[in-house]
Amino acid sequence: MNEIPFPQLPEMTAIWQDTLDWQPTPEQQNLFQGLYQLIVEFNQQLNLTRLTDPDEFWEKHLWDSLRGISPLLSGKISIPPGEKFIDIGTGGGFPGIPVAIALPNCSVTLLDSTRKKITALTSILEQLNIKNTIPWVGRAEALGQHPRQRESYQFALLRAVAPLSVCAEYSLPLLTIGGLAILYRGHWTTEEEKQLTSAVKQLGGVIESVDAFTTPLTQSIRHCVSIKKVKYTPKQYPRSVGVPGQKPL
């Protein structure tokens, strides 16, 4: 009895080029396919994603992950080899694993507090032989106070993690001066911008840009908010989880 072949991801070469001014190499395309297949396989035991259709996976996991770093992919912002990224609350590995595949000369730490998810991602990365990632079980509140981790990353990525002010408090303590936090969001309002502006000021950052766009297949509205760290974050941030009376900035 012949096995049913696993669905193939669409290549979307023209869309990659038109929207990101970049396209994956054949090797990277193979890694995307392998990632898709392994995520779906692990999904049978552990909820890593609800998106298993090839087109949905391509748009909402691969394309969306890399849209957040499009200036780096196109060369509009040049980065030297060895730059350190951290994906805070990586969940099923997004956006961190696609970023690691697209930027093989950089290091990507995948941070999540759920050990089962990190264990699954570790296995996936080993099977795909992706070596520029560091899976890490932990919380951003603790990592941001770790002397070897605080102010050691050039980029922080956060997708669907927490309210904006909380994302800023998680990410900015981990960044070097001049580092960039990239917040992946859906809709974006003037009120949200006011709240975030106040929070990042306390944390030593400024909102550098708000990039609005639509996804290429479903025309969904998305935003990427970039926060630049311009001075040191006060030592009390990030605050410990569960402090009584603690409110978002």
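The values are calculated or read from the model by the stated rules, or taken from the named source; none is laboratory data. Computed from a predicted structure; not experimentally measured. For neighbour counting, all protein chains shown are included, and Cβ atoms are generated from backbone atoms with ideal geometry for every residue, glycine included. Note: areas computed on protein heavy atoms with side chains; ligands, DNA, RNA excluded. Shrake-Rupley method; radii C 1.70, N 1.55, O 1.52, S 1.80 Å.
Taking first residues from region 221-241 that are under 15 Å from Leu196 (Cα atoms) and basic (Lys, Arg) and partners that are assigned to a loop (DSSP other than H, G, I, E, B) and open to solvent by less than 20 Å² (accessible area, probe 1.4 Å), the Cβ contacts under 6 Å between residues at least 6 apart in sequence or on separate chains come to Lys229/Gly204. Restricting region 94-141 to residues that are small (Gly, Ala, Ser), open to solvent by 10 Å² or more (accessible area, probe 1.4 Å) and without any contact (Cβ under 8 Å) to a residue 60 or more places away in the chain leaves a set whose member that is nearest to Gly82 (Cα to Cα) is Ser107.
Scanning region 173-218 for residues that are closer than 18 Å to Lys229 by Cα, touching a residue at least 24 places away in the same chain (Cβ under 8 Å), hydrophobic (A, V, I, L, M, F, W, C) and surrounded by 15 or more Cβ atoms within 10 Å (Cβ to Cβ) returns Leu174, Leu175, Leu180, Ala181, Ile182, Leu183, Leu196, Ala199, Val200, Leu203. Assess whether Gln37 counts as being closer than 17 Å to Leu121 by Cβ and in a helix (DSSP H, G or I). Yes. Of the residues making up region 158-177, one or more are in contact with a Leu (Cβ under 6 Å, 6 or more places away or on another chain) and in a strand (DSSP E or B).
Inspect all residues belonging to region 18-32 and state whether any of them is part of a loop (DSSP other than H, G, I, E, B), within 23 Å of Glu126 (Cβ to Cβ), free of Cβ contacts under 8 Å to residues at least 60 places away in the same chain and open to solvent by 40 Å² or more (accessible area, probe 1.4 Å). Checking region 18-32: at least one residue is part of a loop (DSSP other than H, G, I, E, B), within 23 Å of Glu126 (Cβ to Cβ), free of Cβ contacts under 8 Å to residues at least 60 places away in the same chain and open to solvent by 40 Å² or more (accessible area, probe 1.4 Å). Restricting attention to region 146-161, the residues that are open to solvent by 70 Å² or more (accessible area, probe 1.4 Å) and within 30 Å of Trp188 (Cβ to Cβ) add up to 1. In region 33-51, the residue that is nearest to the chain's Cα centre (by Cα) out of those that are open to solvent by 60 Å² or more (accessible area, probe 1.4 Å) and more than 19 Å from Arg159 (Cα to Cα) is Gln37. Taking only region 140-159 into account, find how many residues are farther than 13 Å from Gly93 by Cβ and under 15 Å from the mean Cα position of the chain (by Cα). Number satisfying all stated conditions: 6. Scan region 185-201 for residues that are under 22 Å from the mean Cα position of the chain (by Cα) and acidic (Asp, Glu) and the total you get is 2. Residues being acidic (Asp, Glu) and touching a Ser or Thr at 6+ places or on another chain (Cβ under 8 Å): count how many of those fall in region 29-82. Residues in region 29-82 being acidic (Asp, Glu) and touching a Ser or Thr at 6+ places or on another chain (Cβ under 8 Å): 2 in total. For region 201-230, the set of residues classified as of a type in the set (S, T, N, Q) and in a strand (DSSP E or B) consists of Ser209, Thr214, Ser226, listed by residue number. Applying the criterion of being over 18 Å from the mean Cα position of the chain (by Cα) and closer than 13 Å to Trp22 by Cα to the residues of region 52-90, the residue that is least open to solvent (accessible area, probe 1.4 Å) is Gly75.
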